[in-house]
1. Once the dipole of segment 39-88 is set up with Lys and Arg at +1 and Asp and Glu at -1 on Cβ about the Cα centre, which of Asn52, Leu87, Ile40 lies farthest towards its positive end?
2. Name the lysines eligible as straight-distance cross-link partners of Lys289: C-alpha to C-alpha under 20 Å, and not fewer than 8 places from it in the same chain.
3. Could you give the angle, 0 to 90 degrees to the nearest 10, between helix 75-85's Cα long axis and the longest principal axis of the Cα atoms of the chain?
4. So what's the projected area for segment 113-237, the Cα convex hull averaged over all directions, in nm²?
5. Helix 176-190 against the longest principal axis of the chain: what's the angle in degrees, Cα atoms only, rounded to the nearest 10?
6. Lysines within cross-link reach of Lys352: Cα-Cα under 26 Å, excluding same-chain residues under 8 positions apart?
7. Nothing charged except the Cβ atoms of Lys and Arg (+1) and of Asp and Glu (-1): what's the magnitude of the dipole of segment 30-104 about its Cα centre? Round to the nearest 20 debye.
8. If we count other beta carbons within 10 Å of each Cβ, what is the order of Ser75, Ser42, Ser131, fewest first?
Amino acid sequence: MVETTEAKQVSRAASTLLFPELEFDVKPCGKYTREDFLEILSRIAFDQEFANTGGKTLQLDRNEQVDITSTARNSLAKSVLYHLRNLSMDAINAQFDGVRDRLFEVLRSQRRLPAHVDVAIDLHEWRFYGSADTDHVITTYPDLGTNRAFCFATLCIVAPRTRFTLAVLPMDANGFRAKREAVRSLIETAREYVSIRHVYLDRGFYQVHVVAELEELGIDYIVRARPSSGMKDRLSAGAETVVDAYTMQRNRKPTASVDVTVFAVPHRSNDDEHVWFVTSLDVDATTAKAYAAAFRRRWGIETSYRQIGDFLPRTSSPTFSVRLFYFLFAVSLYNLWILANILVSGKHQPEKPPISTPIFQRLILTDHG
């Protein structure tokens, strides 16, 4: 059992890694202070609300005069968004890089980092309903009433209970060139903090140039494959698993090819299907299922996305600096929630986090909101 006092202590200690790093270039003579901005950002992150609603509720809690029926933007929300719009991407990234640095200083000092970690790379799409010509908006598959989105590539540790998001990279395109560059950047950043054992990538990264990039980086990988007819020809009647040498290639310019191992295992729920992968690992018929099971752990990143969403403010803003700040703010809060649970759990971490995201939010809100 985790005592309330202990949960408060570790949650608030975790929050001190984030809030001191945030600056908004607030002028000393301004109507609102940096602390006001931290309070409204905490509130809208924890409540998953718009800045306008957060500004009104905050001022109501302070017994300030607020016209709750007005359709005009709340003055505090307006000031927050004005300052976020005027932050550069470099300034935003630098602040949250500082948060990550401090996080890993704590993990190292507490000896809570595994010697080697498995990581997953994936894409997080934040759906957008404005113009397709908006800066940093990409066109993607239709969902939730739109085919437009702001997109962030992320690299996440997939080990249970230590699913820190190590690196985030905005995506301005979703072709193979952009994905190849994102994979290199994310892995190079992650290697500054951890030793990577394997990297897992879903079918969206099944492209010869991306796999060639992984080979050049000298990292072991498993990529979910879209089976070609050449792959399927390797599956004999009644075969349970397939392991074979395979050459991925692109014949159109820019051409590329890379030699890999392809393997397939039976689908867990459909007896008539197989799940296909390409890998740099030494796989054989006896280890193929084990590697497929290891790959399934990458779905922990989907859990991470849902929990990052527990800290993501709502916005309709087309301004990328606002979107970038909100997303990195949510990732940082999520990482600090993971840290708080590690610290409060001791050496033996339970399957279920002892501090839920709503409880963590409430404990932080008592100091910052």
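1. Checking the options against the dipole of segment 39-88, the answer is Leu87.
2. Qualifying lysines at Cα under 20 Å: Lys232.
3. The two axes meet at around 40 degrees.
4. Spelled out: convex hull of the Cα atoms, projected over all directions, averaged, 10.2 nm².
5. 70 degrees
6. In chain and number order, the partners are Lys8.
7. Dipole size: approximately 160 debye.
8. Ser131, Ser75, Ser42
Values quoted throughout were computed directly from the atomic coordinates according to the rules given, and no laboratory measurement underlies them. Since the structure is predicted, the reported quantities are computational estimates derived from the model, not experimental observations. When we count neighbours, we look across all protein chains shown, and the Cβ atoms used for this are built from the backbone with ideal geometry, even at glycine.
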